[in-house]
Amino acid sequence: MTLTGHAPLFRSLYRQSLSGTRINEDGLGLLGPFAWIIDGATGLSTEQLTRGGSDAAWLAGTIGETLERLAGEESQGTEVLNRLEAEIEARFQSATAHLPGRHVHHAPSACLGLVQIREADGGTVKVEGFFLGDVVALVPTEQGIVRWTDERAKPFEGKTLAALGAGGHEPGVIPEAVRRQILDNRTRLNQPDGYWVVSPCQPWAGHELRFEAKVPAGEPIVLATDGFMRLVDVFSAYSDHALHAALAESRGDDLIEELRALERGDSLSGAFPRVKMHDDATVLVITAAGSSG
């Protein structure tokens, strides 16, 4: 497959997004040379700030809608993120204008992975990634399957898991110690000594981690949220390489079923500690193709 002479773009091979509970707070999409994955997180206020299914669902949906438009207007990932920051802030201010205060610690946030084809050269394409939070890309390179993600939140996630203690907990119940730890973690959101995510009321553009690789044309690239990546990171059922291979073999539906079965088999989250028995699980498999235009 040769892309020389054609503007490269992404094509979807497989996409799936399943909610862990009642409301799906993930998102995914692609348009032209851009593709993205979103994992929303609702603030811990008892008051919902927006009119979405949840605040995180509102934010994930707003990010997705905005990215779809910006992907058709911009040619650079950095400019897409700069404009996304400004537009998300403006839309959140409009959505919460009826409420007092800025809601910094109770506002929703979201992890975001944005990938862009930069150029094509014969049998390869140059792909660039922009990552905030623990969403993942599995990228085929000459060195094998490489994981792109942002691990700056790992120390805070470790504190949350430590607060869970041993023995698990009832499904759908967040223990009070865990709730307090999550609240404490979020005081470090978008701080120099903390972690960085998309926020509608705290600056973040320019703090994303960037990655770049040459990818063989036609090879699948996987984007996934941490809920789907539990197959690797929580249950150790797959390596990154094996998971990428399974998705390349069109086994996405089987993987989703296997994930949910593993979660149900540990319903108290005792053997495999996690805050939620089920999490939203989202995966997008894409490949580079030449434009027909």
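For region 204-293, the relative contact order is 46 percent, taking Cα pairs closer than 8 Å that sit 6 or more residues apart in sequence and dividing their mean separation by the residue count.
With a simple spin-label model that places each label point 7 Å from the Cα along the Cα-to-Cβ direction, the separation between S250 and Q16 comes to 1.4 nm.
Based on the Cα gyration tensor of region 8-290, what are the three equivalent ellipsoid semi-axes, each the root of five times an eigenvalue, rounded to whole Å and given largest first?
Values: eigenvalues 166, 122, 49 Å².
So the three semi-axes of region 8-290 are 29, 25, 16 Å.
Toward the positive end of the charge dipole of region 233-293, with +1 on the Cβ of Lys and Arg and -1 on the Cβ of Asp and Glu, the farthest Cα among L255, S269, H241 is that of S269.
In debye, nearest 20, what is the charge dipole magnitude of region 8-290 about its Cα centre with +1 on Lys and Arg Cβ and -1 on Asp and Glu Cβ, if you could check? Kindly include the intermediate steps, with their values, before the conclusion.
On the way: 26 positive and 40 negative charges, 95 e Å.
Here the size comes out at about 460 debye.
For the options T62, T225, T141, a Gaussian network treatment of the chain with springs between C-alpha atoms closer than 10 Å singles out T141 as fluctuating the most. Expressed in Å, the radius of gyration and Dmax of the Cα atoms of region 133-236 are 16.6, 49. Please label the shape of region 5-99 as rounded, prolate or oblate, based on the square roots a ≥ b ≥ c of the eigenvalues of the alpha-carbon gyration tensor (a/c under 1.5 means rounded; beyond that, a/b larger than b/c means prolate, else oblate). Taking the square roots of the gyration eigenvalues as a ≥ b ≥ c, region 5-99 is oblate.
If we count GluC sites (Glu not before Pro) as exposed when they sit in a DSSP loop and have at most 13 other beta carbons within 10 Å, what is the longest stretch of the chain that avoids them all?
Numbers: sites that count: E47, E73, E142, E151, E249.
Excluding the exposed sites themselves, the longest stretch runs over 152-248.
With q set to 0.12, 0.18, 0.23 Å⁻¹, the log10 of I(q)/I(0) for region 60-162, from the Debye formula over equal scatterers at the Cα positions, is -0.56, -1.05, -1.30.
Starting from the Cα-Cα distance between L161 and A86, subtract it from 0.36 nm times their residue separation and give me the gain in nm to one decimal. Mind dumping the intermediate values first?
Numbers: separation 75, 0.36 × 75 = 27.00 nm, distance 3.36 nm.
So the extension gain works out to 23.6 nm.
Coordinate-derived values only; no laboratory data. These numbers were taken from a predicted model, which means no experiment stands behind them. Here the Cβ is made from the backbone with ideal geometry for all residues, glycine too, and neighbour counts use every protein chain on show.
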